[in-house]
Amino acid sequence: MTIHSSDSTTRTLEEYRLARQLGLLIDGKWVEATSDSTSVVVNPATGLPLANIANASVADVDAAVQAARSARESWRRVSPAQRTHLLWKLSELIENDIDYLSVLEVLNQGKTLDLARGLDVMGSVETLRYYSGWATKLNGTTNRISAADERPGGSIGEAYHAFSTLEPVGVVAAVVPWNVPLVMAISKLAPALVAGCTVVLKPAVETPLTTLRLGQLIIEAGFPPGVVNIVTGGGDIGAALVGHPGIDKVAFTGSTATGRSIAATAGQSLKRVTLELGGKSPLIVFNDADLEQAAQSAAWSIFLNAGQMCFATSRLLVQKDVREQVIARVCEIAGELKIGSGLDSEAELGPVISERQRARVLSYIDSAVQSGAEMLIGGAQVPSNGFFVAPTVLSVEDPAARIMQEEVFGPVLAVSTFETEEEAIRLANNTEYGLAASLWTQDLARAHTVASSIEAGTVWVNCNVVLDESQPFTGWKQSGLGIEGSRSGVEEYVQPRAVVIAT
Ligand code: NAP
Ligand code: MG
């Protein structure tokens, strides 16, 4: 496990030394935080510090919210076509910056370089491009209403001209996690901005670097001052932002626990809320499935980004008579994965985000084994200063076991078996989460029956993690509230105004 120190890495760090002077983005300018407090950003592949980042104060949060409020009118006056143009321009700047942004993300977040390029950077570019076109298509309706004309001699109907318009919700607090930082930020910014909202964005304290770079590109793209503001800091700053009376809507991605607390805070002042939360998604393999593809898909999903994906299929449910075959193949793939720094071109599995996260993942593995799970592969410490966890597969027959119920957010797969279709559905739904599921069978009728019985916002049949902005992405049950992607995702940022004019 070696860490490359190629020219591009060195250059990135040097460029970043400039970027770290940036501070907070408030009202179109980089300003110093009013507090002296900073957070150390760590490279998870080495455990070494990368940069010190300002912790915004409550006063800084207030300044950012005020800037966003002041910018609302000017942003509303920007034509829909011009908003489209600005989002597209930003997508081009991000695409042109792919080398720098992706290396920076690998250094900060730990994922492999290919994933950073494809998912984080190009995912952000495509998301911006998808949403950019909505600015010119967000129209209300004209409505033929039936109300009687109240005036003397008036008749029923035709007495009024009635229509609705779609208006921006206002100022959005966007609070995002550390697993895919740029995509998470863009998945809030893009629909908010096309809808005419202004934004205060808070990245996770572990991963602010690409978000700060994004701030530079937002200025370069020509967004008016105050339309996008960025404050860095920890959960206390997130809470101050969410609770601020100048915020009209909170758009959050993160853990279910934090989501509940945000919903409670937002409820106090009836702020709009969208929450994209955790998951414990099942991958179900029936005995008639293409077992090789199913096994590859199971391994790929749970080891992608070291298991730190909300929709990772972290429970593998296999029909009993093909159990041995599927498990053997998944373990074989797990055993062959090359662990290492994301900058190492050979590496397939990077570190988890932090020492704390590694300890959390290892404690889940320990407690699973102590309560009867069988370790099929992994679990061992990876000797390194980085926060690596070996790919781990556990056989767990107790559906109530913690490892079958709670989100680990690490490269840990829990495998269980079923005999009948009904049992498969029951096990799949036996969780408080409802984010996604992947289902493998060659039987079309079964695919339809099972897919329509799964309690989850997304079901993939004979595929996994196929995401597209044209599809609504939503968490059922404790996995969330509201929708990202598709027209519905933009509508989360507008409110209709119904107008009735007596003719
Ligand atoms: P987290 O602890 O909930 O934090 C998410 C963000 O919220 C961070 O910026 C965090 O700040 C901030 N925060 C913490 N406490 C807050 C509070 N009381 N009020 C306002 N903001 C607060 O989640 P995480 O550990 O970063 O990310 C992992 C989780 O995200 C997993 O559960 C995963 O499933 C979920 N996730 C869901 C999706 C989805 O689309 N459904 C996608 C990706 C990840 P600091 O961390 O800086 O302190
Ligand atoms: Mg956190």
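Give me the net charge of Ala289's neighbourhood, meaning all other residues with Cβ under 11 Å from the Cβ of Ala289; Lys, Arg count +1, Asp, Glu -1.
Details: positive: Arg446; negative: Asp288, Asp290, Glu292, Asp443.
Within the 11 Å Cβ shell, the charges total -3.
Remind me, relative contact order of the chain in percent, using alpha carbon pairs under 8 angstrom and six or more residues apart?
Taking the mean separation of contacting Cα pairs over the length of the chain, I get 18 percent.
Counting only other residues whose beta carbon sits under 11 Å from that of Phe163, what net charge do I get with K and R as +1, D and E as -1?
Net charge in that neighbourhood comes out at +2.
Distances over 26 Å make up what percent of all Cα-Cα pairs in the range 146-282?
On the way: 3150 of 9316 pairs.
Beyond 26 Å sits 34 percent of the P(r) for the range 146-282.
Quick check on the chain: what does the Kirkwood estimate of hydrodynamic radius come out to from the alpha carbon pairs, in Å?
On the way: mean 1/r = 0.0419 Å⁻¹.
One over the average 1/r among Cα pairs gives 23.9 Å for the chain.
Hey, can you rank 437-450, 298-311, 409-422, 62-75 by average C-beta count inside 10 Å, highest first?
The most tightly packed comes first, giving 298-311, 409-422, 62-75, 437-450.
Pop out the carbon and sulfur fraction of the accessible area of the range 390-503 as a percent, whole number, probe 1.4 Å.
Carbon with sulfur: 53 percent of the solvent-accessible area.
Quick one: Cα centre-to-centre distance for the range 61-129 and the range 214-245, in angstrom?
Cα centres, the range 61-129 to the range 214-245: 12 Å.
Which whole-number percent gives the relative contact order of the range 297-415, counting Cα pairs below 8 Å spaced six or more residues apart?
With pairs under 8 Å counted, the relative contact order is 31 percent.
Could you pull the Rg and Dmax for the range 255-318, using just the Cα atoms, both in Å?
16.8, 53
Restricting to bridges with both residues inside the chain, how much of the DSSP beta-bridge set is antiparallel, in percent to the nearest 5?
Restricted to the chain, the bridges split so that about 45 percent are antiparallel.
Cα centroid distance between the range 438-503 and the range 183-206, in Å?
The two parts, judged by their Cα centres, are 20 Å apart.
Using only alpha carbon pairs under 8 Å that are at least six residues apart, calculate the relative contact order of the range 61-137 and give it in whole percent.
Dividing the mean separation by the residue count of the range 61-137 yields 41 percent.
Taking Lys477 as the anchor, which lysines have their alpha carbon closer than 19 Å to its alpha carbon, excluding any fewer than eight residues away along the same chain?
Of all the lysines, those that pass the test against Lys477 - Cα under 19 Å, at least 8 places apart if same chain - are Lys280.
In whole percent, and with a 1.4 Å probe on the protein chains, what portion of the accessible area of the range 176-241 is carbon and sulfur? Show your work: numbers first, answer last.
On the way: 650 of 1110 Å².
The computed percentage sits at 59.
Over the Cα atoms of the range 428-495, Rg to Rh with Kirkwood Rh, two decimal places?
A ratio of 1.02.
Need the list of aspartates and glutamates near Lys29 for cross-linking: C-alpha distance under 18 angstrom, and skip anything on the same chain fewer than eight residues off.
Excluding near neighbours in sequence, the set is Asp60, Asp62, Glu220.
Counting only protein heavy atoms and a 1.4 Å probe, tell me what percentage of the range 117-158's accessible area is made up of carbon and sulfur.
Carbon and sulfur atoms account for 54 percent of the accessible area of the range 117-158.
Compute the accessible area per residue over the chain, keeping the other protein chains in place, probe 1.4 Å, unit Å². Write down the numbers at each step before the final one.
Numbers: 20230 Å² over 503 residues.
It amounts to 40 Å² per residue over the chain.
Kindly express, to the nearest 10 degrees and within the range 0 to 90, the angle between helix 7-19's C-alpha long axis and the longest C-alpha principal axis of the chain.
Roughly 40 degrees, rounded to the nearest 10.
How would you order 186-199, 481-494 from highest to lowest mean count of nearby Cβ atoms within 10 Å?
Most protected by this proxy first, the peptides run 186-199, 481-494.
Which of the lysines could be linked to Lys271 by a straight reach, that is with a Cα gap under 19 Å, when you skip same-chain ones fewer than 8 residues away?
Hits, sequence-local ones excluded: Lys188, Lys202, Lys249.
The values are calculated or read from the model by the stated rules, or taken from the named source; none is laboratory data. Given the structure is predicted, the values throughout are model-derived calculations rather than measurements. Please note: Cβ atoms are built from the backbone with ideal geometry, for glycine as well, and neighbour counts cover all protein chains shown. For accessibility, only protein heavy atoms count, side chains too; no ligands or nucleic acids. Shrake-Rupley method; radii C 1.70, N 1.55, O 1.52, S 1.80 Å.
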